[in-house]
Amino acid sequence: MADFDLTLRAKEFASKDPFPMKGFGPMEWYVGNAFMTAQAFRSLLGMSIIGYAGPETGSRDRASYLLKQDQMEFIVTGALDGDHEIAEHVKLHGPGVKDVSFYVPDATAAFEMAVQNGATPHREPEKIESDDGRMVISAIKAYGDTIHSLIELEGADPRFEVREDHIAKPTGLHAIDHVVANVELGKMNEWVEFYERIFCFTMLRHFDDEAISTEYTALMSKVMAGGNGIIKLPINEPAEGKKKSQIEEYLDYYKTPGVQHMALSTEDLQTTVADIHSRGIETIHVPSTYYPEAKERLSEYDHLDWDRIEELSILVDKDDDGYLLQTFTKMLQDRPTVFFEFIERRGATGFGVGNFQALFEAIEREQAKRGNL
Ligand SMILES: [Fe+2]
């Protein structure tokens, strides 16, 4: 009987949109030291610490901080004991993104539907309440050790004791634009099919190794989109090249497929990047030879301040809908695994395909410095 009810509920859930999603939920990182990571995201990215869970709040096995800047939310979590599943995760992968979560209107129906579509359950729907909010949370397994939590939330996240942050100074980063997965050679299409089947996502774009190749390395990428386009999940796989691709380097160090980068959006990339540089985050170096060609390519946007764009090593691209500015951080942990992209969209809906050559050459220079090219 319960199954029958859930199926009806799932049918109603999907009556208008094949799999309704409201947006990205908090990205949960598993790290060695949640306190220090929370401090780093606060001081480097300008996020506010708005919640805490740990032994003082009844969480006996972990310490966890909830961070937020406008719509962009992270959770950083560390284990209190070495043989904990979180500690094992960090031992194998290094610090990394465990949970790429989504806000949904009904976390029970979403879970039911995902499982009916063939997803492997990770967490059965569970109701959590506090004085400040209530949620239903469920989760399914994704690539590697990554999961997708499906979160229905009213009020404040009840997993955390509410905190006020009077220290954080915002940097203008305000939302998660897209989250990119690296998967093994030959596996990209399996994961494309996974998102089509489980969440009814559609393929937004496709980049083959012709588009994304340098003298040495190549990769292929497909962008899956859902939630009426709010959710964008590019999936990369390595392609044959003369040398080791950046995707293979990632897989060597992360040990399994996982999140490679997440793009954080801002309304003013130049101000955000200048601010973030002053806080200690380095972004990739773009050679000066990139700019004459870029100016030519974007000549119709004559208001662009090219001196400042070049000074900040920002990349620029356009598509049929407008233009975008973007840059990429260097690695944020000791292993060459996860990094951030910062992006300002002025109409453009693409991913900077016109920059792939310059970008991958910049990434390879860093890879070569590590002795991994
Ligand atoms: Fe990206």
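So which of Leu251, Leu269 is touching a residue at least 40 places away in the same chain (Cβ under 8 Å), within 16 Å of the ligand (Cβ to nearest atom), outside the structural domain of Val90 (by TED's automatic domain parsing) and surrounded by 21 or more Cβ atoms within 10 Å (Cβ to Cβ)?
Values: Leu251 fails: within 16 Å of the ligand (Cβ to nearest atom).
One residue alone meets the criteria, Leu269.
For region 194-218, enumerate the residues that are under 23 Å from Gly229 (Cβ atoms), open to solvent by 80 Å² or more (accessible area, probe 1.4 Å) and among the acidic types (Asp, Glu).
Result: Glu196, single match.
Residues of region 309-321 being away from the ligand (no atom under 16 Å from the Cβ) and surrounded by 22 or more Cβ atoms within 10 Å (Cβ to Cβ), which ones?
Within region 309-321, Ile309 is the sole residue that qualifies.
What number goes with the only condition from (1) under 21 Å from Tyr52 (Cα atoms); (2) touching a Gly at 6+ places or on another chain (Cβ under 6 Å) that Thr146 does not pass?
Just one mismatch for Thr146, condition (1).
Tally up the residues in region 114-126 that are in contact with a strand residue (DSSP E or B) (Cβ under 8 Å, 6 or more places away or on another chain), small (Gly, Ala, Ser) and not in a helix (DSSP H, G or I), please.
Just the residues of region 114-126 that are in contact with a strand residue (DSSP E or B) (Cβ under 8 Å, 6 or more places away or on another chain), to begin with: 114-115, 119-126.
Checking which are small (Gly, Ala, Ser) leaves us with 114, 119.
Now narrow it down to the ones that are not in a helix (DSSP H, G or I): 119.
Number satisfying all stated conditions: 1.
Checking the structure you have, find out if any residue of region 75-82 is charged (D, E, K, R) and without any contact (Cβ under 8 Å) to a residue 60 or more places away in the chain.
yes
Here are the criteria: (1) under 18 Å from Val286 (Cα atoms); (2) open to solvent by 10 Å² or more (accessible area, probe 1.4 Å); (3) in contact (Cβ under 8 Å) with a residue 24 or more places away in the chain; (4) aliphatic (A, V, I, L, M). Tell me which single one Ala368 does not satisfy.
Going through (1) under 18 Å from Val286 (Cα atoms); (2) open to solvent by 10 Å² or more (accessible area, probe 1.4 Å); (3) in contact (Cβ under 8 Å) with a residue 24 or more places away in the chain; (4) aliphatic (A, V, I, L, M) one by one, Ala368 breaks only (3).
Give the residues of region 227-255 that are over 18 Å from Ser101 (Cβ atoms) and touching a His at 6+ places or on another chain (Cβ under 7 Å), sorted by residue number.
Scanning region 227-255 gives Tyr254, Lys255.
Please determine whether any residue of region 195-203 is touching a helix residue (DSSP H, G or I) at 6+ places or on another chain (Cβ under 9 Å), away from the ligand (no atom under 16 Å from the Cβ), farther than 28 Å from Ser313 by Cβ and among the basic types (Lys, Arg).
No - not one qualifying residue is present in region 195-203.
What pairs come out if I take residues in region 169-193 that are within 16 Å of the ligand (Cβ to nearest atom) and pair them with residues that are small (Gly, Ala, Ser) whose C-beta lies under 6 Å away, six or more apart or interchain?
Ala175/Ser265; Asp177/Ala263; Asp177/Ser265; His178/Ala263
For a quick check of your reading: which strands (runs of 3 or more DSSP E) sit entirely within region 34-79 and have at least 3 residues that are more than 22 Å from Phe24 (Cα to Cα), in the same structural domain as Gly96 (by TED's automatic domain parsing) and at pLDDT 95 or above?
Hits in region 34-79: none.
So that you can scan it fast, the table gives a plain yes or no per residue for (1) in contact with an Asp or Glu (Cβ under 8 Å, 6 or more places away or on another chain); (2) assigned to a strand (DSSP E or B); (3) at positive phi:
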position: Glu112; (1), (2), (3): no, no, no
position: Ile128; (1), (2), (3): no, yes, no
position: Met135; (1), (2), (3): yes, yes, no
position: Ser138; (1), (2), (3): yes, yes, no
position: Asp145; (1), (2), (3): no, no, no
position: Leu150; (1), (2), (3): no, yes, no
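Run Asp302 past the list (1) more than 14 Å from Ala348 (Cβ to Cβ); (2) surrounded by 13 or more Cβ atoms within 10 Å (Cβ to Cβ) and report the number of the one that doesn't hold.
With respect to (1) more than 14 Å from Ala348 (Cβ to Cβ); (2) surrounded by 13 or more Cβ atoms within 10 Å (Cβ to Cβ), Asp302 is out only on (2).
Please name all residue pairs, on different chains or six or more residues apart, with Cβ atoms under 6 Å, provided the first residue is in region 110-128 and is exposed (fewer than 15 other Cβ atoms within 10 Å of the Cβ) and the second residue is part of a helix (DSSP H, G or I) and of a type outside the set (A, V, I, L, M).
Gly118/Arg197
Taking region 322-373, which residues are part of a loop (DSSP other than H, G, I, E, B) and more than 16 Å from the ligand (Cβ to nearest atom)?
Gln333, Asp334, Arg335, Pro336, Arg370, Gly371, Asn372, Leu373
Identify all residues within region 225-248 that are under 17 Å from Phe194 (Cβ atoms) and away from the ligand (no atom under 13 Å from the Cβ); write none if there are none.
Those that are under 17 Å from Phe194 (Cβ atoms) and away from the ligand (no atom under 13 Å from the Cβ): Ala225, Gly226, Gly227, Ile231, Glu237.
Quick test of your reading of the structure: Glu190 fulfils all but one of (1) under 30 Å from Ala274 (Cβ atoms); (2) open to solvent by 10 Å² or more (accessible area, probe 1.4 Å); (3) at pLDDT 95 or above. Name the failing condition by number.
Of everything listed in (1) under 30 Å from Ala274 (Cβ atoms); (2) open to solvent by 10 Å² or more (accessible area, probe 1.4 Å); (3) at pLDDT 95 or above, Glu190 misses just condition (1).
The values are calculated or read from the model by the stated rules, or taken from the named source; none is laboratory data. Note that the coordinates shown come from a computational prediction; the quantities given were computed from them, not determined experimentally. Don't worry about glycine lacking a Cβ; one is built from the backbone with ideal geometry, like all the others, and counts go over all protein chains shown. Calculation scope for accessible area: heavy atoms of the full protein, side chains included, ligands and nucleic acids excluded. Shrake-Rupley method; radii C 1.70, N 1.55, O 1.52, S 1.80 Å.
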